[in-house]
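Here the structure is laid out as structure tokens; the discussion comes afterwards.
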Amino acid sequence: MNDTFLRACLGEKTEYTPVWIMRQAGRYLPEYQSVRAEVDFLTLCKTPELAAKVTIQPVLRLGVDAAILFSDILIPIEAMGMDLEFTDKKGPVLKDPVRSKSGVDRLIVPDTEDSMSFVLEAIKILRQELKVPLIGFSGAPFTLATYMIEGGSTKNFINTKRIMFQNPGLFNLLMDKLTMTVISYLTAQIRAGAQAVQIFDTWAGILSADDYREYALPYVKRVVSGVKKEGVPVIYFVNDCAGLLKEIRKSGADVIGIDWRVDLHDAIKGLGKKYAVQGNLDPYALFLPKEKLEDRVKDVLWKGEFAKGHIFNLGHGIFPEAPLEGAIAMVEAVHRFSEK
Ligand code: CP3
């Protein structure tokens, strides 16, 4: 078992810097495309054998040091009682967005064993087959709340901010239910075999530092402390984190994911010595010619040396359009240039 990734999460010395890629199981991989040609996205998520198969694809193809469970952050929202659909044009669509007290009251805190057993089964299959650690994941309460309130993807988050500011009691009620859901969902993943978990806060970067401290951080802290009891490393990723690092360091997570807009060395200075970091190559760098890509890899590796531990990753998910050769070259370069 290659445990480089887990040791780096804990800030222990490793022979080289471990690497994986956010959204590594996905459309840039021809073998993923051929599975998707046969089944729709939600069926893929809900069929343990297929979810396990596409989880393993990037491990075999790229030689990454960790696998991330194939699923989606919106799966628990469906289990809470909302109607979820993935459309080709608009992405995810959630019917009857949550904007009232009755909307929140209708939602349940789901039991993972009951309504998301396919996730636990996929994890069990993967632990039999993988020779690298398996990362489980969930959306963070704030990011999940934006999808529930907006009813899908959005540009300006007007409905979310309107409820936050005009009806903070209602917002808190929704965030409470989400927090309980996320704790129980991640705990179930760990008990089924996930060896680390990542919390995706994709949209927390739309908040000012003051609003983040009031409307997002308290719930993340509860999730982290609830999940930490299970004894596996917790990674917390906030996209667009530059203005929030002082707050993010209070999350209690073991590893802080850094997006690509921030200089990694500055981020590490802002966070201090207590944290391992994950990131943060610009996802567009995969489109560069190999030599230039390698220079960027070296730069991120060098900056990562200043942290307690460093897990190499892109600074956000890989694009479906990214060239496969770029992803392969990146992983190879991380291993070659970081070898001690
Ligand atoms: O990282 C992995 O390889 C594991 C799988 C994974 C997916 N989604 C698969 C997916 C993970 C960890 C996610 C998380 C996720 N899902 C996030 C947070 C991560 C981030 O990027 O910040 C968000 C915001 C979502 C919600 C979501 N899922 C949207 C908005 C969309 C549509 C946009 C798009 O990229 O098509 C999805 C669909 C989705 N999730 C796909 C995959 C591989 C594409 C679906 C397809 O195959 O057609």
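The values are calculated or read from the model by the stated rules, or taken from the named source; none is laboratory data. In this text the structure is predicted, and so the values were computed from the model without any measurement. All Cβ positions, glycine included, derive from the backbone under ideal geometry; neighbour counts span all protein chains shown. Surface accessibility is based on the protein's heavy atoms, side chains included, excluding ligands, DNA and RNA. Shrake-Rupley method; radii C 1.70, N 1.55, O 1.52, S 1.80 Å.
Taking Gly205 as meeting all but one of (1) closer than 30 Å to Pro168 by Cα; (2) open to solvent by 40 Å² or more (accessible area, probe 1.4 Å), write down the number of the exception.
(2)
Which one is farthest from the ligand (Cβ to nearest atom), of the residues in segment 10-24 that are open to solvent by less than 10 Å² (accessible area, probe 1.4 Å) and within 15 Å of the chain's Cα centre (by Cα)?
So, considering only residues that are open to solvent by less than 10 Å² (accessible area, probe 1.4 Å) and within 15 Å of the chain's Cα centre (by Cα), the one farthest from the ligand (Cβ to nearest atom) is Val19.
Would you check if there is a residue in segment 179-186 being in contact with a Ser or Thr (Cβ under 9 Å, 6 or more places away or on another chain), under 19 Å from Ala66 (Cβ atoms) and of a type outside the set (S, T, N, Q)?
Looking for residues that are in contact with a Ser or Thr (Cβ under 9 Å, 6 or more places away or on another chain), under 19 Å from Ala66 (Cβ atoms) and of a type outside the set (S, T, N, Q), one finds at least one in segment 179-186, hence yes.
Quick one: in segment 311-323, which of the residues that are open to solvent by less than 20 Å² (accessible area, probe 1.4 Å) and assigned to a loop (DSSP other than H, G, I, E, B) is nearest to the ligand (Cβ to nearest atom)? Talk me through it step by step, then tell me what you get.
First pass over segment 311-323, keeping only residues open to solvent by less than 20 Å² (accessible area, probe 1.4 Å): 311-315, 317-318, 322.
Next cut, assigned to a loop (DSSP other than H, G, I, E, B) only: 315, 317-318, 322.
Details: Gly315: 11, Gly317: 4, Ile318: 8, Ala322: 12 Å.
Looking at the filtered set, the residue picked out is Gly317.
Would you mind stating whether Tyr147 is within 16 Å of the ligand (Cβ to nearest atom), part of a helix (DSSP H, G or I) and open to solvent by 20 Å² or more (accessible area, probe 1.4 Å)? Steps first, answer last, please.
On the way: within 16 Å of the ligand (Cβ to nearest atom): yes; part of a helix (DSSP H, G or I): yes; open to solvent by 20 Å² or more (accessible area, probe 1.4 Å): yes.
Answer is yes for this residue.
Looking at (1) on the phi > 0 side of the Ramachandran plot; (2) open to solvent by 10 Å² or more (accessible area, probe 1.4 Å), can you tell me which one Asn156 breaks?
(1)
Looking only at segment 168-179, decide whether some residue is farther than 21 Å from Met82 by Cβ, surrounded by fewer than 21 Cβ atoms within 10 Å (Cβ to Cβ), within 13 Å of the ligand (Cβ to nearest atom) and not aliphatic (A, V, I, L, M).
No, segment 168-179 contains no residue that is farther than 21 Å from Met82 by Cβ, surrounded by fewer than 21 Cβ atoms within 10 Å (Cβ to Cβ), within 13 Å of the ligand (Cβ to nearest atom) and not aliphatic (A, V, I, L, M).
Quick check on my filter: what residues within segment 72-110 are in contact with a Lys or Arg (Cβ under 9 Å, 6 or more places away or on another chain) and not in a strand (DSSP E or B)?
At the first step, the residues of segment 72-110 found to be in contact with a Lys or Arg (Cβ under 9 Å, 6 or more places away or on another chain) are 75, 80-85, 96, 98-99, 104, 107-109.
If the condition is that a residue be in contact with a Lys or Arg (Cβ under 9 Å, 6 or more places away or on another chain) and not in a strand (DSSP E or B), then Ile75, Met80, Gly81, Met82, Asp83, Asp96, Val98, Arg99, Val104, Leu107, Ile108, Val109 are the ones that fit.
Quick one: which residue in Asp240, Asp259 is in a loop (DSSP other than H, G, I, E, B), at positive phi and either in contact (Cβ under 8 Å) with a residue 40 or more places away in the chain or within 16 Å of the ligand (Cβ to nearest atom) (or both)?
It is Asp240.
Tally time: how many residues in segment 67-93 are near the ligand (Cβ under 6 Å from one of its atoms), open to solvent by less than 20 Å² (accessible area, probe 1.4 Å) and β-branched (Val, Ile, Thr)?
Summing the residues that are near the ligand (Cβ under 6 Å from one of its atoms), open to solvent by less than 20 Å² (accessible area, probe 1.4 Å) and β-branched (Val, Ile, Thr) in segment 67-93 gives 1.
Which one of these is basic (Lys, Arg), more than 16 Å from the ligand (Cβ to nearest atom) and touching a Leu at 6+ places or on another chain (Cβ under 7 Å): Arg249, Arg222? Steps first, answer last, please.
Numbers: Arg222 fails: touching a Leu at 6+ places or on another chain (Cβ under 7 Å).
One residue alone meets the criteria, Arg249.
Which of the residues that make up segment 222-241 are within 12 Å of Asp254 (Cα to Cα), within 16 Å of the chain's Cα centre (by Cα) and open to solvent by 20 Å² or more (accessible area, probe 1.4 Å)? Spell out how you get there, then give the answer.
Filtering segment 222-241 down to residues within 12 Å of Asp254 (Cα to Cα) leaves 224-225, 227-228, 231-237.
Retained after the next criterion (residues that are within 16 Å of the chain's Cα centre (by Cα)): 224, 227, 232-237.
Hit for segment 222-241 is Val232, nothing else.
Step by step: first the residues of segment 25-51, then only those that are in a helix (DSSP H, G or I) and among the small types (Gly, Ala, Ser), then the one that is farthest from the ligand (Cβ to nearest atom). Which residue is that?
As a first pass, look at segment 25-51 and keep what is in a helix (DSSP H, G or I): 30-36, 41-46, 48-51.
This time we only want the ones that are among the small types (Gly, Ala, Ser), so: 34, 51.
Numbers: Ser34: 12, Ala51: 9 Å.
In this case the residue turns out to be Ser34.
Inspect all residues belonging to segment 25-35 and state whether any of them is under 17 Å from Gly136 (Cβ atoms), crowded, with 19+ Cβ neighbours inside 10 Å and of a type in the set (Phe, Trp, Tyr).
Narrowing segment 25-35 to residues under 17 Å from Gly136 (Cβ atoms): 25.
Narrowing the set further to residues that are crowded, with 19+ Cβ neighbours inside 10 Å leaves 25.
Now narrow it down to the ones that are of a type in the set (Phe, Trp, Tyr): none.
No: segment 25-35 contains no residue that is under 17 Å from Gly136 (Cβ atoms), crowded, with 19+ Cβ neighbours inside 10 Å and of a type in the set (Phe, Trp, Tyr).
Among the candidates Lys269, Lys274, Lys308, single out the residue that is open to solvent by 30 Å² or more (accessible area, probe 1.4 Å), over 23 Å from Ile135 (Cα atoms) and either basic (Lys, Arg) or at pLDDT below 95 (or both). Break it down stepwise before answering.
On the way: Lys274 fails: over 23 Å from Ile135 (Cα atoms); Lys308 fails: over 23 Å from Ile135 (Cα atoms).
Exactly one of Lys269, Lys274, Lys308 is open to solvent by 30 Å² or more (accessible area, probe 1.4 Å), over 23 Å from Ile135 (Cα atoms) and either basic (Lys, Arg) or at pLDDT below 95 (or both), namely Lys269.
Considering segment 48-58 alone, what residues qualify as being β-branched (Val, Ile, Thr) and crowded, with 23+ Cβ neighbours inside 10 Å? Give the steps one after another, and end with the answer.
Keep residues of segment 48-58 that are β-branched (Val, Ile, Thr), which gives 54-56.
Matches in segment 48-58: Thr55 only.
Kindly list, by first and then second residue, each pair from a residue in segment 202-230 that is free of Cβ contacts under 8 Å to residues at least 12 places away in the same chain to a residue that is in a helix (DSSP H, G or I) and surrounded by fewer than 15 Cβ atoms within 10 Å (Cβ to Cβ), limited to pairs with Cβ atoms under 9 Å and residues at least 6 apart or on different chains.
Close Cβ pairs satisfying both conditions: Glu214/Pro168.
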